[in-house]
Amino acid sequence: MHVIELVQIEKHFQGQAVVHPLSLSIKEGEFLTLLGPSGCGKTTILRMIAGFEQPTKGQVWLAGQNVTEMPPNKRDLNLVFQHYALFPHMTVEDNIAFGLKMKKMPRQLIKERVDEAVAMTQLTPLRERFPHQLSGGQQQRVAIARAIANKPKVLLLDEPLGALDLQLRKNLKSELKHLQRTLGITFVYVTHDQEEAMMLSDRIVIMNHGRVEQIGTPREIYAKPQTLFAATFVGENNVFSSPEGLFAVRPEKLIPQRESGARKSGVIEDVQYLGSVHKLLVQLDDEPMKVTIALDISDDHPWEVGERVGVNWNTKDEVIIGP
Ligand SMILES: Nc1ncnc2c1ncn2[C@@H]1O[C@H](COP(=O)(O)OP(=O)(O)OP(=O)(O)O)[C@@H](O)[C@H]1O
Ligand SMILES: [Mg+2]
(Lines give C-alpha, C1' and ligand atoms only; values in the text may rest on other atoms or scores of the structure.)
(Ligands and ions follow the chains in the order given, each with its own letter.)
Protein backbone atom coordinates (compact mmCIF):
# COMPACT_ATOMS: atom_id res chain seq x y z
CA MET A 1 0.00 0.00 0.00
CA HIS A 2 1.11 3.56 -0.62
CA VAL A 3 1.45 5.94 2.32
CA ILE A 4 0.54 8.95 0.23
CA GLU A 5 -1.54 8.97 -2.89
CA LEU A 6 -2.20 12.19 -4.77
CA VAL A 7 -4.97 11.74 -7.31
CA GLN A 8 -5.10 14.44 -9.97
CA ILE A 9 -4.70 17.22 -7.43
CA GLU A 10 -4.55 20.75 -8.71
CA LYS A 11 -4.51 24.20 -7.17
CA HIS A 12 -5.72 27.52 -8.47
CA PHE A 13 -5.27 30.86 -6.75
CA GLN A 14 -7.57 33.65 -8.00
CA GLY A 15 -8.37 31.59 -11.09
CA GLN A 16 -4.68 31.07 -11.87
CA ALA A 17 -3.36 27.49 -11.94
CA VAL A 18 -0.21 27.17 -9.77
CA VAL A 19 -0.30 23.37 -9.58
CA HIS A 20 -1.50 21.55 -12.69
CA PRO A 21 -3.14 18.11 -12.27
CA LEU A 22 -0.67 15.91 -10.46
CA SER A 23 -0.89 12.21 -9.59
CA LEU A 24 1.77 10.64 -7.44
CA SER A 25 2.10 7.56 -5.22
CA ILE A 26 4.65 7.57 -2.43
CA LYS A 27 5.80 4.30 -0.86
CA GLU A 28 6.25 3.62 2.82
CA GLY A 29 9.75 4.60 3.98
CA GLU A 30 10.53 6.40 0.73
CA PHE A 31 12.60 9.59 0.58
CA LEU A 32 10.82 11.57 -2.12
CA THR A 33 11.97 15.04 -3.17
CA LEU A 34 10.08 17.77 -4.96
CA LEU A 35 12.73 19.69 -6.87
CA GLY A 36 12.21 22.86 -8.87
CA PRO A 37 12.88 26.59 -9.11
CA SER A 38 11.28 29.22 -6.90
CA GLY A 39 7.54 29.61 -7.44
CA CYS A 40 7.01 26.26 -9.22
CA GLY A 41 4.47 25.09 -6.60
CA LYS A 42 6.52 22.92 -4.21
CA THR A 43 5.26 24.46 -0.96
CA THR A 44 1.69 24.48 -2.28
CA ILE A 45 1.88 20.72 -2.89
CA LEU A 46 3.25 20.08 0.61
CA ARG A 47 0.52 22.26 2.12
CA MET A 48 -2.13 20.27 0.25
CA ILE A 49 -0.68 17.00 1.58
CA ALA A 50 -0.62 18.46 5.10
CA GLY A 51 -4.14 19.88 4.80
CA PHE A 52 -3.29 23.57 5.19
CA GLU A 53 -4.42 24.12 1.65
CA GLN A 54 -7.49 22.58 0.02
CA PRO A 55 -6.91 21.26 -3.53
CA THR A 56 -9.10 22.99 -6.11
CA LYS A 57 -9.65 19.55 -7.61
CA GLY A 58 -8.51 16.01 -6.88
CA GLN A 59 -7.91 13.92 -3.79
CA VAL A 60 -5.28 13.30 -1.15
CA TRP A 61 -5.09 9.78 0.33
CA LEU A 62 -3.03 8.87 3.39
CA ALA A 63 -2.56 5.19 4.28
CA GLY A 64 -5.54 4.15 2.21
CA GLN A 65 -7.88 6.80 3.58
CA ASN A 66 -9.27 9.75 1.65
CA VAL A 67 -8.22 12.74 3.77
CA THR A 68 -9.02 15.49 1.28
CA GLU A 69 -11.55 17.05 3.67
CA MET A 70 -9.71 16.21 6.88
CA PRO A 71 -8.16 19.05 8.94
CA PRO A 72 -4.34 19.10 9.32
CA ASN A 73 -4.26 18.14 13.01
CA LYS A 74 -6.13 14.90 12.29
CA ARG A 75 -3.59 13.73 9.71
CA ASP A 76 -0.79 11.42 10.77
CA LEU A 77 2.03 13.61 9.52
CA ASN A 78 4.22 16.54 10.48
CA LEU A 79 5.40 19.50 8.49
CA VAL A 80 8.74 21.21 9.07
CA PHE A 81 8.17 24.65 7.60
CA GLN A 82 10.32 26.58 5.17
CA HIS A 83 10.66 29.27 7.83
CA TYR A 84 10.67 27.25 11.02
CA ALA A 85 9.34 28.82 14.17
CA LEU A 86 10.43 27.78 17.64
CA PHE A 87 8.76 29.19 20.73
CA PRO A 88 11.35 31.73 21.94
CA HIS A 89 10.31 31.54 25.60
CA MET A 90 10.60 27.74 25.79
CA THR A 91 13.70 25.60 26.21
CA VAL A 92 14.74 23.08 23.58
CA GLU A 93 13.04 20.23 25.41
CA ASP A 94 9.86 22.19 26.01
CA ASN A 95 9.73 23.10 22.35
CA ILE A 96 10.05 19.43 21.46
CA ALA A 97 7.50 18.32 24.07
CA PHE A 98 4.93 20.98 23.21
CA GLY A 99 2.94 19.01 20.63
CA LEU A 100 2.95 15.89 22.80
CA LYS A 101 1.61 17.85 25.78
CA MET A 102 -1.13 19.27 23.58
CA LYS A 103 -2.06 15.70 22.68
CA LYS A 104 -2.30 14.96 26.44
CA MET A 105 0.29 12.21 26.23
CA PRO A 106 1.30 10.72 29.63
CA ARG A 107 4.28 12.54 31.16
CA GLN A 108 6.55 9.49 31.26
CA LEU A 109 5.98 8.79 27.56
CA ILE A 110 6.67 12.44 26.70
CA LYS A 111 9.98 12.21 28.53
CA GLU A 112 10.94 9.08 26.61
CA ARG A 113 10.02 10.64 23.29
CA VAL A 114 11.96 13.83 24.03
CA ASP A 115 15.03 11.87 25.20
CA GLU A 116 14.98 9.86 22.03
CA ALA A 117 14.47 12.89 19.75
CA VAL A 118 17.28 14.95 21.31
CA ALA A 119 19.63 11.98 21.17
CA MET A 120 18.90 11.38 17.49
CA THR A 121 19.42 15.00 16.55
CA GLN A 122 22.47 15.33 18.81
CA LEU A 123 20.87 18.01 20.94
CA THR A 124 21.22 16.29 24.32
CA PRO A 125 23.80 18.77 25.72
CA LEU A 126 21.64 21.70 24.57
CA ARG A 127 18.26 20.59 25.87
CA GLU A 128 18.01 23.26 28.60
CA ARG A 129 18.89 26.13 26.27
CA PHE A 130 16.55 28.69 24.76
CA PRO A 131 16.34 29.22 20.97
CA HIS A 132 18.29 32.52 21.08
CA GLN A 133 21.21 30.61 22.63
CA LEU A 134 21.44 28.29 19.64
CA SER A 135 23.01 28.59 16.19
CA GLY A 136 20.80 28.45 13.09
CA GLY A 137 21.69 24.83 12.47
CA GLN A 138 20.95 23.84 16.07
CA GLN A 139 17.59 25.62 15.90
CA GLN A 140 16.79 23.75 12.74
CA ARG A 141 17.65 20.48 14.45
CA VAL A 142 15.17 21.40 17.21
CA ALA A 143 12.47 21.91 14.57
CA ILE A 144 13.28 18.47 13.16
CA ALA A 145 13.42 16.88 16.64
CA ARG A 146 10.01 18.37 17.43
CA ALA A 147 8.60 16.77 14.30
CA ILE A 148 10.13 13.32 14.85
CA ALA A 149 9.07 13.23 18.53
CA ASN A 150 5.53 12.89 17.22
CA LYS A 151 6.56 9.71 15.39
CA PRO A 152 4.49 10.62 12.38
CA LYS A 153 4.10 8.17 9.51
CA VAL A 154 5.11 10.94 7.16
CA LEU A 155 7.40 13.90 7.60
CA LEU A 156 7.06 16.81 5.19
CA LEU A 157 10.12 19.04 5.05
CA ASP A 158 10.03 22.34 3.22
CA GLU A 159 13.59 23.46 2.41
CA PRO A 160 14.69 22.57 5.94
CA LEU A 161 18.30 23.51 5.21
CA GLY A 162 17.54 26.64 3.18
CA ALA A 163 18.59 29.18 5.80
CA LEU A 164 21.89 27.53 6.69
CA ASP A 165 25.43 28.10 5.49
CA LEU A 166 27.21 25.62 3.26
CA GLN A 167 29.11 23.69 5.93
CA LEU A 168 26.04 23.29 8.15
CA ARG A 169 23.95 22.20 5.21
CA LYS A 170 26.51 19.53 4.44
CA ASN A 171 26.55 18.17 7.99
CA LEU A 172 22.79 18.23 8.43
CA LYS A 173 22.26 16.62 5.03
CA SER A 174 24.04 13.43 6.06
CA GLU A 175 22.29 13.50 9.44
CA LEU A 176 18.88 13.81 7.82
CA LYS A 177 19.45 10.88 5.53
CA HIS A 178 20.71 8.77 8.41
CA LEU A 179 17.72 9.77 10.55
CA GLN A 180 15.26 8.90 7.81
CA ARG A 181 16.85 5.48 7.30
CA THR A 182 16.92 4.66 11.02
CA LEU A 183 13.38 5.83 11.71
CA GLY A 184 11.89 4.36 8.55
CA ILE A 185 9.65 7.45 8.26
CA THR A 186 8.44 8.47 4.80
CA PHE A 187 9.99 11.83 3.90
CA VAL A 188 8.55 14.26 1.40
CA TYR A 189 11.30 16.80 1.01
CA VAL A 190 11.27 20.11 -0.84
CA THR A 191 14.33 21.80 -2.24
CA HIS A 192 15.47 23.90 -5.19
CA ASP A 193 19.01 22.54 -4.77
CA GLN A 194 19.63 19.79 -7.30
CA GLU A 195 22.73 18.49 -5.55
CA GLU A 196 20.81 18.07 -2.30
CA ALA A 197 18.02 16.27 -4.15
CA MET A 198 20.46 13.91 -5.90
CA MET A 199 22.27 13.06 -2.69
CA LEU A 200 19.26 12.42 -0.44
CA SER A 201 16.43 11.03 -2.50
CA ASP A 202 15.14 7.64 -3.48
CA ARG A 203 13.03 9.41 -6.11
CA ILE A 204 12.89 12.97 -7.39
CA VAL A 205 9.92 14.83 -8.86
CA ILE A 206 11.18 17.64 -11.08
CA MET A 207 8.70 20.50 -11.20
CA ASN A 208 8.56 23.55 -13.42
CA HIS A 209 5.77 26.15 -13.51
CA GLY A 210 3.39 23.91 -11.56
CA ARG A 211 3.92 20.90 -13.80
CA VAL A 212 5.85 17.67 -13.39
CA GLU A 213 8.73 17.48 -15.85
CA GLN A 214 9.96 14.05 -14.76
CA ILE A 215 9.75 11.54 -11.92
CA GLY A 216 12.61 9.12 -11.37
CA THR A 217 15.53 7.91 -9.28
CA PRO A 218 18.56 10.24 -9.17
CA ARG A 219 20.32 7.87 -11.55
CA GLU A 220 17.47 7.86 -14.07
CA ILE A 221 17.17 11.60 -13.93
CA TYR A 222 20.87 12.12 -14.51
CA ALA A 223 21.29 9.49 -17.20
CA LYS A 224 17.94 9.79 -18.98
CA PRO A 225 16.43 13.26 -18.63
CA GLN A 226 13.18 13.35 -20.58
CA THR A 227 12.70 17.06 -21.11
CA LEU A 228 14.92 20.02 -21.91
CA PHE A 229 14.21 21.43 -18.45
CA ALA A 230 15.17 18.17 -16.68
CA ALA A 231 18.30 17.87 -18.83
CA THR A 232 19.59 21.31 -17.91
CA PHE A 233 18.26 21.77 -14.35
CA VAL A 234 19.99 18.71 -12.89
CA GLY A 235 23.72 18.72 -13.49
CA GLU A 236 25.53 20.40 -16.37
CA ASN A 237 24.56 19.35 -19.86
CA ASN A 238 25.20 20.15 -23.50
CA VAL A 239 22.10 20.28 -25.67
CA PHE A 240 22.42 19.88 -29.44
CA SER A 241 19.75 20.00 -32.09
CA SER A 242 19.51 17.63 -35.02
CA PRO A 243 16.88 17.19 -37.73
CA GLU A 244 15.27 14.54 -35.47
CA GLY A 245 15.06 16.87 -32.47
CA LEU A 246 17.07 17.78 -29.39
CA PHE A 247 19.59 15.56 -27.69
CA ALA A 248 21.94 16.07 -24.75
CA VAL A 249 25.48 14.89 -24.06
CA ARG A 250 26.93 15.26 -20.54
CA PRO A 251 30.26 17.13 -20.22
CA GLU A 252 32.09 13.96 -19.15
CA LYS A 253 30.93 12.21 -22.34
CA LEU A 254 32.41 14.79 -24.70
CA ILE A 255 35.85 13.95 -26.05
CA PRO A 256 38.24 16.74 -27.07
CA GLN A 257 40.64 15.99 -29.88
CA ARG A 258 43.51 17.75 -31.67
CA GLU A 259 43.13 15.75 -34.89
CA SER A 260 40.59 16.88 -37.51
CA GLY A 261 37.39 15.00 -38.27
CA ALA A 262 35.44 15.63 -35.04
CA ARG A 263 31.68 16.18 -35.12
CA LYS A 264 32.08 19.80 -34.00
CA SER A 265 34.95 22.20 -33.61
CA GLY A 266 35.63 25.40 -31.72
CA VAL A 267 37.97 27.45 -29.60
CA ILE A 268 38.71 26.96 -25.91
CA GLU A 269 37.48 29.99 -23.97
CA ASP A 270 38.31 28.84 -20.48
CA VAL A 271 39.99 26.02 -18.60
CA GLN A 272 38.72 25.50 -15.06
CA TYR A 273 40.49 23.32 -12.52
CA LEU A 274 38.05 21.83 -10.01
CA GLY A 275 40.05 19.36 -7.99
CA SER A 276 39.65 15.88 -9.41
CA VAL A 277 38.30 17.09 -12.77
CA HIS A 278 38.90 20.02 -15.04
CA LYS A 279 36.57 21.61 -17.51
CA LEU A 280 37.02 23.11 -20.93
CA LEU A 281 34.58 25.76 -22.04
CA VAL A 282 34.43 25.68 -25.83
CA GLN A 283 32.86 28.24 -28.16
CA LEU A 284 31.69 26.27 -31.19
CA ASP A 285 32.39 27.51 -34.72
CA ASP A 286 29.38 28.79 -36.65
CA GLU A 287 27.04 28.25 -33.68
CA PRO A 288 26.16 30.60 -30.84
CA MET A 289 26.48 27.78 -28.36
CA LYS A 290 29.22 26.89 -25.90
CA VAL A 291 29.88 23.39 -24.66
CA THR A 292 31.51 22.16 -21.48
CA ILE A 293 33.87 19.21 -21.51
CA ALA A 294 34.84 17.56 -18.24
CA LEU A 295 38.15 15.68 -18.09
CA ASP A 296 40.03 13.98 -15.34
CA ILE A 297 43.27 15.59 -14.40
CA SER A 298 45.64 12.93 -15.77
CA ASP A 299 46.17 14.74 -19.04
CA ASP A 300 49.84 14.90 -20.08
CA HIS A 301 49.33 17.52 -22.78
CA PRO A 302 47.09 20.14 -21.11
CA TRP A 303 44.61 22.17 -23.11
CA GLU A 304 45.07 25.90 -23.24
CA VAL A 305 42.81 28.91 -23.63
CA GLY A 306 42.65 30.05 -27.27
CA GLU A 307 43.55 26.61 -28.64
CA ARG A 308 41.44 25.07 -31.41
CA VAL A 309 39.70 21.86 -30.42
CA GLY A 310 37.60 19.15 -32.07
CA VAL A 311 34.60 18.01 -30.03
CA ASN A 312 33.53 14.40 -30.39
CA TRP A 313 31.27 11.93 -28.63
CA ASN A 314 29.90 8.42 -29.00
CA THR A 315 26.39 8.08 -30.39
CA LYS A 316 25.43 5.86 -27.44
CA ASP A 317 25.96 8.85 -25.12
CA GLU A 318 23.34 10.98 -26.88
CA VAL A 319 20.19 11.29 -24.78
CA ILE A 320 17.15 12.15 -26.86
CA ILE A 321 15.09 14.78 -25.06
CA GLY A 322 12.23 15.25 -27.44
CA PRO A 323 11.44 17.45 -30.40
N1 LIG B 1 -2.09 32.07 -0.96
C2 LIG B 1 -1.71 32.36 -2.20
N3 LIG B 1 -2.41 33.21 -2.98
C4 LIG B 1 -2.03 33.48 -4.25
N5 LIG B 1 -0.95 32.96 -4.85
C6 LIG B 1 -0.21 32.09 -4.13
C7 LIG B 1 -0.53 31.75 -2.78
N8 LIG B 1 0.38 30.86 -2.33
C9 LIG B 1 1.24 30.66 -3.35
N10 LIG B 1 0.90 31.39 -4.43
C11 LIG B 1 1.58 31.42 -5.75
O12 LIG B 1 1.69 30.07 -6.19
C13 LIG B 1 2.92 29.84 -6.85
C14 LIG B 1 3.62 28.66 -6.20
O15 LIG B 1 4.02 29.03 -4.89
P16 LIG B 1 4.82 28.06 -3.92
O17 LIG B 1 4.98 28.73 -2.62
O18 LIG B 1 4.15 26.73 -3.93
O19 LIG B 1 6.20 27.94 -4.69
P20 LIG B 1 7.57 27.21 -4.24
O21 LIG B 1 7.89 26.25 -5.33
O22 LIG B 1 7.43 26.67 -2.87
O23 LIG B 1 8.62 28.41 -4.28
P24 LIG B 1 9.90 28.73 -3.31
O25 LIG B 1 11.01 27.82 -3.77
O26 LIG B 1 10.19 30.16 -3.61
O27 LIG B 1 9.48 28.50 -1.91
C28 LIG B 1 3.69 31.15 -6.77
O29 LIG B 1 3.56 31.82 -7.99
C30 LIG B 1 3.01 31.90 -5.64
O31 LIG B 1 3.10 33.28 -5.84
MG1 LIG C 1 8.36 27.16 -1.06
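Kindly list the number of the only condition in (1) within 10 Å of ligand 1 (Cβ to nearest atom); (2) over 20 Å from Thr191 (Cα atoms); (3) without any contact (Cβ under 8 Å) to a residue 60 or more places away in the chain; (4) not charged (D, E, K, R) that fails for Met48.
(2)
Sort through Glu116, Glu93 and tell me the only one that's within 23 Å of Phe31 (Cβ to Cβ), at pLDDT 85 or above and not aromatic (Phe, Trp, Tyr). Show your work before the answer.
Details: Glu93 fails: within 23 Å of Phe31 (Cβ to Cβ).
Of the residues listed, the single one that is within 23 Å of Phe31 (Cβ to Cβ), at pLDDT 85 or above and not aromatic (Phe, Trp, Tyr) is Glu116.
I'd like to know if the stretch 211-228 contains one or more residues that are among the small types (Gly, Ala, Ser), exposed (fewer than 15 other Cβ atoms within 10 Å of the Cβ) and either in a helix (DSSP H, G or I) or at pLDDT below 90 (or both). Step through it out loud before you land on a result.
We begin by selecting, within the stretch 211-228, every residue among the small types (Gly, Ala, Ser); these are 216, 223.
Remaining after also requiring exposed (fewer than 15 other Cβ atoms within 10 Å of the Cβ): 223.
Among the residues that remain, those that are also either in a helix (DSSP H, G or I) or at pLDDT below 90 (or both) are: 223.
Scanning the stretch 211-228, I find at least one residue that is among the small types (Gly, Ala, Ser), exposed (fewer than 15 other Cβ atoms within 10 Å of the Cβ) and either in a helix (DSSP H, G or I) or at pLDDT below 90 (or both), so the answer is yes.
Might you let me know whether the stretch 260-269 holds any residue that is within 30 Å of Leu32 (Cβ to Cβ), at pLDDT 95 or above and part of a strand (DSSP E or B)?
Taking the stretch 260-269 and keeping what is within 30 Å of Leu32 (Cβ to Cβ), we get none.
The answer is no; no qualifying residue exists.
Going through the stretch 229-254 one residue at a time, which ones are assigned to a helix (DSSP H, G or I) and among the aliphatic types (A, V, I, L, M)? Write out each step before concluding.
Going residue by residue through the stretch 229-254, those that are assigned to a helix (DSSP H, G or I) are 229-233, 251-253.
Correct list: Ala230, Ala231.
Looking at Val277, Val271, Val212, which is the one that is touching a Phe, Trp or Tyr at 6+ places or on another chain (Cβ under 8 Å) and β-branched (Val, Ile, Thr)?
Values: Val277 fails: touching a Phe, Trp or Tyr at 6+ places or on another chain (Cβ under 8 Å); Val212 fails: touching a Phe, Trp or Tyr at 6+ places or on another chain (Cβ under 8 Å).
Going through Val277, Val271, Val212 in turn, the sole match is Val271.
Yes or no: the stretch 6-13 includes at least one residue that is within 10 Å of ligand 1 (Cβ to nearest atom), surrounded by fewer than 18 Cβ atoms within 10 Å (Cβ to Cβ), within 18 Å of His209 (Cα to Cα) and in the same structural domain as His209 (by TED's automatic domain parsing). Break it down into steps so the answer makes sense when it comes.
Start the filter on the stretch 6-13 by keeping residues that are within 10 Å of ligand 1 (Cβ to nearest atom), which leaves 11-13.
Subset that is surrounded by fewer than 18 Cβ atoms within 10 Å (Cβ to Cβ): 12-13.
Cutting the leftovers down to within 18 Å of His209 (Cα to Cα) gives us 12-13.
Next, from what is left, pick out any that are in the same structural domain as His209 (by TED's automatic domain parsing): 12-13.
Scanning the stretch 6-13 turns up at least one residue that is within 10 Å of ligand 1 (Cβ to nearest atom), surrounded by fewer than 18 Cβ atoms within 10 Å (Cβ to Cβ), within 18 Å of His209 (Cα to Cα) and in the same structural domain as His209 (by TED's automatic domain parsing).
The values are calculated or read from the model by the stated rules, or taken from the named source; none is laboratory data. Please read all numbers here as calculations on a predicted model, not as lab measurements. Cβ: placed from backbone, ideal geometry, glycine included. Neighbour counts: every protein chain shown.
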